[in-house]
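Notes for the one structure printed next.
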Amino acid sequence: MSSTATAHHDHDHGHDGHGHHEEQNFFLKYFWSTDHKIIAQQYMWTGIAMALIGGFLAYAFRMQLAFPGKFIPGYGYMSSLEYNAAVTNHGTIMIFWFAMPVLIAAFGNLLIPLMIGCDDMVFPRINRLSYQVFLLSSIILIASFFVEGGAFNGAWTAYPPLSANGEYNMAGMGSTMWVVAVALEFVAFLLGGINFIVTTMSSRAPGMRMWDVPIVVWMIVVASILFMASVGPLIAGAVMLVFDQNFGTFFFNPQRGGDPVLWQHLFWFFGHPEVYVVLLPAMGMSGEIIATFSRKKLFAYKTLLYTVFATGIISFFVWAHHQFIAGIDPRMANVFTVTTLIISVPIAEMCFLYIATLYGGAIRLTVPMLWGLAFVAEFLLGGVTGIFLGASGADIYFHDTYFVVAHFHYTFIPIAIIGFFMGFTYWFPKMYGKMLDETIGKIHFWITILGFNMIFIPLFFTGMWGDHRRIYNYGHFPELVKNEIMQDLRIMATVGLLIMLSAQVLFVINLIKTAMSKQENPGPNPYKANTLEWAAPSPPGHGNFAEMPTVYRGPYEYSHPDREDDYWPQHLPPDDASSKKADGEKADEKADDKKH
Amino acid sequence: MNETLFPHVVDSINLNTASASTYAGDIDNLIVIVAIIVMAWFFAALGLFLYFVVRFRAKPGQKAMYIDGYNPLHKRWITYPHNAVLLFDVIILVLAVRVWNHVKIDMPEKPDMTVEVVAQRWAWTFTHPGTDGQPGTKDDIKTADELHVKLGDTVRWNGTSRDVLHSFSVPAFRMKQDVIPGRINSGWFKTKEAGTFDIQCTEICGIGHGVMRARIVVDTPEQHAAWIAANSPK
């Protein structure tokens, strides 16, 4: 199948009138490319641009919450409807236009062909189409801010009847554009996901068995399968919603026999697996980084893989825990409480396996390692606070409070923000052939983490003490203004956000400084890591590898007792001279036997 | 009656309001028990994690250990916590389901009062049964944004919405239930403290969501009788 991919590729460029090795013009190279690395860059930088919009919206509404009704520098005065639109689009953008494109699409595209040792995706032109559809969806979403009535304001979950009727949400055009943008975006990720699954199944380098596939690739593939299996109902729901909005149907209109709760089921049947769709790639990257910088084999690779499969399967049976108090049959809640608590087991086990991997390591706290470790530490808190919400009896009180907001930001910020930074800093030398500045990187890391915790730890408390979500000014609720500490905590969260946002200036400075620097290329393998992407030149050229690699062992053979070096790249033939034993081949076989 | 589902350790976890229904204490203490369990896990895991990071920092010339994790001697360090997580999940599950069933499934068969709750953008309308205690009769008392109940009464409510989704939430009672157009959703509470408490809409319902509040007044029997007398339709 690998040869098929090559054939596609050559054909494609032949069609453009360019030879395989000729320089392409700027437009064709960066905007019309079928190269997985360029498409990864397109997804990544579009995602970053969208994250800036999402971050700005967060700034605007957190300022409104801390100083209600006051002028917001850079924004102006915020109305109640604008507030609703800001929280709606903050959520939508951060999940669908930042977490998804960066974690799945960008890192999936960048890493899968490089880590499994092939020259490109199996369907490069579908891959190009995927990004183009995604770009179109981003443009539609941004355009929705400028139509009459403004952007959609019915929360990122878009519950009808509010979302289905322009009279109710006062943004008829904006809400249709929102639904269309989301649906198109799903089409883009379906096209990408097909590539990820088929490429991993069919284009692995010779010698790479399923057990030799790096864990991050496995996790992206499982995430793509989850996405593919869960998104159908929501796309169907989105079509029904657009029809309800514009063509007078009443799928979700109870006055005419429809059912608004139906949408909630369609949305969350997708929405909960979606959480794991974005979690798994970040979890996988963290695993790669922890193995590399602790010079350790991942603890129980197969068990880790089974927990990934278990999480994926169980994630299809937990969706109604978002709907405990939404008016579903209360007896159903008990079923979903059971499944929700069960899913804590594989997730907890993943964290245990990572902690166990650190044991006995030779840990180097580089910037990517700091991000990788912070992912585990912060995600732990997000994970355990989920138990409060999965326990139905406690959810009666916590549902739709800031406790929920704090909980899911403790999962989504490790996933999206920390996940992006760990992947970006770790594979930066591979992508650009330069090393980022470690000192600036560490300062950036610590200030970002400080700001992040300062936002959301206070919100656990305001939530526990009654602040509920999507309220533009708590002054209207007597109980919520009785104690001054409530407002102090809201201000503290806003200050935390300002700290976190301003820390990103350091990241930009680091990028500029690195781009300007005339440092030497660090070579293909600056971290002395094992996986195949480090066998390719930095940055990899068209076709990735100078010589297509053959795989001889698993991806995490760090600190192997039979070897002097503390790493053992997957592609090195067993009779490599630096191996201590003359009969290296036998040693390798033995290592393999042990593993299986 | 002040019976509880299980022994309590705290009175209220809400700084801003009382624990004013009979089941509020159960919900609060369920939350406290969950908090004790999961925070113990969190700090244990985080502590071990940080200890490993500090303890196993790279030292010059020292190679990391080679552990594949399949040796039963090593694997048990995952298996034991795995089983323990499962055990604690069962404990949480049993308590959570007991509380849930008590609050959401076991509706009182003979409530002292039945109120009708109607939400619309962005106000609450309440129909009290009046002097005869029967809803749907001529002496019903209709109010907007103020619900009056008698201290110690078991109150059942039937709620619906006229337009979009809303949520009928009384934080002091730890009670919350979405109301949906075209359906009737029910809930109950039994008051145990007199006072005036917030009713908050907790489901986004459009431009006025942030001002959609009402008050629930828990009267002493004498106050309640006076209120009914003063407000009964003539």
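The values are calculated or read from the model by the stated rules, or taken from the named source; none is laboratory data. Nothing here was measured: the structure is a model prediction, and the numbers come from that model. Glycine also receives a Cβ, built like all others from the backbone with ideal geometry; neighbour counts cover every protein chain displayed.
Restricted to helices (runs of 4 or more DSSP H) entirely inside segment A:1-80, those with at least 1 residues that are assigned by TED's automatic domain parsing to the domain that holds A:L129, at pLDDT 95 or above and not hydroxyl-bearing (S, T, Y) are A:36-66. For segment A:458-476, a residue qualifies if it is more than 27 Å from the chain's Cα centre (by Cα), more than 19 Å from B:V34 (Cβ to Cβ), part of a loop (DSSP other than H, G, I, E, B) and not hydrophobic (A, V, I, L, M, F, W, C), and the qualifying residues are A:D467, A:Y472, A:N473. Residues in segment B:158-169 that are surrounded by fewer than 24 Cβ atoms within 10 Å (Cβ to Cβ) and not in a loop (DSSP other than H, G, I, E, B) were compared, and the one that is farthest from the other protein chains (Cβ to nearest Cβ) is B:N158.
Residues in segment B:198-209 that are surrounded by 23 or more Cβ atoms within 10 Å (Cβ to Cβ), within 7 Å of chain A (Cβ to nearest Cβ) and farther than 30 Å from A:G257 by Cβ: B:Q200 only. For segment B:191-212, what are the residues that are among the basic types (K, R) and either touching a Cys at 6+ places or on another chain (Cβ under 7 Å) or modelled with pLDDT of 95 or more (or both)? Listed by number, the list is empty, since nothing qualifies. Can you tell me which residue in segment B:174-196 is surrounded by the most Cβ atoms within 10 Å (Cβ to Cβ), limited to those that are out of contact with any Gly (no Cβ under 7 Å at 6 or more places or on another chain) and at the interface with another protein chain (Cβ under 7 Å from one of its Cβ atoms)? Here the residue is B:R174.
Out of all the residues in segment A:389-412, is one or more without any contact (Cβ under 8 Å) to a residue 60 or more places away in the chain and of a type in the set (V, I, T)? For segment A:389-412, residues without any contact (Cβ under 8 Å) to a residue 60 or more places away in the chain and of a type in the set (V, I, T): absent. Restricted to segment B:55-87, and to residues there that are of a type in the set (A, V, I, L, M, F, W, C) and more than 9 Å from chain A (Cβ to nearest Cβ), the residue that is nearest to A:D562 (Cα to Cα) is B:L73. Quick check on my filter: what residues within segment A:225-253 are small (G, A, S), surrounded by fewer than 21 Cβ atoms within 10 Å (Cβ to Cβ) and assigned to a helix (DSSP H, G or I)? Residues satisfying the conditions are A:A229, A:G232, A:A236. Among the conditions (1) within 18 Å of A:V278 (Cα to Cα); (2) within 7 Å of chain B (Cβ to nearest Cβ); (3) surrounded by fewer than 23 Cβ atoms within 10 Å (Cβ to Cβ), the only one that A:G382 does not satisfy is (2).
What about A:G154, is it among the small types (G, A, S) and buried (at least 23 other Cβ atoms within 10 Å of the Cβ)? Spelling it out, A:G154 is indeed among the small types (G, A, S) and buried (at least 23 other Cβ atoms within 10 Å of the Cβ).
Looking across segment A:460-485, the residues that are in contact (Cβ under 8 Å) with a residue 24 or more places away in the chain and closer than 19 Å to B:C201 by Cα come down to A:T462, A:G463, A:M464, A:G466, A:D467, A:H468, A:R469, A:R470, A:Y472, A:N473, A:Y474, A:G475. Among the conditions (1) within 9 Å of chain A (Cβ to nearest Cβ); (2) more than 19 Å from A:D395 (Cβ to Cβ); (3) of a type in the set (S, T, N, Q), the only one that B:N101 does not satisfy is (2). Looking at A:M173, is it over 21 Å from A:V221 (Cβ atoms), in contact with a helix residue (DSSP H, G or I) (Cβ under 6 Å, 6 or more places away or on another chain) and part of a helix (DSSP H, G or I)? No: the conditions fail for A:M173. Of the set (1) within 14 Å of chain A (Cβ to nearest Cβ); (2) surrounded by 17 or more Cβ atoms within 10 Å (Cβ to Cβ); (3) over 26 Å from A:W465 (Cα atoms); (4) of a type in the set (A, V, I, L, M, F, W, C), all apply to B:I228 but (1). Looking only at segment B:140-151, residues that are in a loop (DSSP other than H, G, I, E, B) and surrounded by fewer than 16 Cβ atoms within 10 Å (Cβ to Cβ) come to 1 in all.
For first residues located in segment A:301-317 and in contact (Cβ under 8 Å) with a residue 12 or more places away in the chain, partners that are acidic (D, E) and crowded, with 18+ Cβ neighbours inside 10 Å and lie 6+ apart or on another chain with Cβ distances below 7 Å form the pairs A:T307/A:E349. Restricted to segment A:299-327, and to residues there that are among the aliphatic types (A, V, I, L, M) and under 24 Å from A:I417 (Cβ atoms), the residue that is surrounded by the most Cβ atoms within 10 Å (Cβ to Cβ) is A:L304.
The criterion of being within 14 Å of chain B (Cβ to nearest Cβ), closer than 30 Å to B:D26 by Cα and out of contact with any Phe, Trp or Tyr (no Cβ under 6 Å at 6 or more places or on another chain) holds for A:D400.
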